[in-house]
1. Taking neighbour counts of Cβ atoms within 10 Å as a proxy for exposure, in what order, fewest first, do 54, 108, 101 appear?
2. Rounded to the nearest 0.05, what FRET efficiency do residue 85 and residue 114 give with R0 = 41 Å and r taken as the Cβ-Cβ distance? Could you check?
3. Working out 0.36 nm times the residue gap between residue 55 and residue 133, then minus their Cα-Cα distance, what length gain in nm do you get to one decimal?
4. Using 0.36 nm times the number of residues separating residue 48 and residue 70, minus their current alpha carbon distance, what extension gain do you get?
5. Using 1/(1 + (r/R0)^6) with R0 = 22 angstrom and r between the beta carbons of residue 152 and residue 63, what's the FRET efficiency to the nearest 0.05?
């Protein structure tokens, strides 16, 4: 039998504990980088739907979220307002205690009289949170955000405020 001194065993366990703590503390940083990367990818995907019919896009791309509202513009166009899940973001103390935030994405499509998408607007917002303890999260709460507040945060494809569509 191989004998390992108790002191040596303690230091091996301590080293493993430190390593696990360091790895867990890097997870929040990874999630924020992932959100920025996926946001860029989604914006490119939104550019790809321009000049396609809204009917086709809404059927083929359920990942753009559910239709929650419509708004008719003075020029006869209609804004189709969608909200969908965008991911999670974590914050906390070395992975031991913290919060997990649910991120939602708002996507508006400006659709002309012929049903063709002419522009888009988008934003992300915190849609809920849960308290986490040693990797287990509970007590989830969802936020209901009025459509007027969403109108204030979305930006069009060229970075303008959504209100520019209203004329």
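Values in this text are rule-based calculations from the coordinates and carry no lab data. Because the structure is predicted, anything quoted here is derived from the model rather than measured. Every residue, glycine as well, gets a Cβ built from its backbone with ideal geometry; the counts of neighbours run over all protein chains shown.
1. Values: 54 20, 108 24, 101 16.
Least to most surrounded, the residues fall as 101, 54, 108.
2. So, using R0 = 41 Å, E works out to roughly 0.85.
3. Extra length from residue 55 to residue 133 when fully extended: 23.7 nm.
4. 5.7 nm
5. Numbers: r = 24 Å, r/R0 = 1.11.
It comes out at approximately 0.35.
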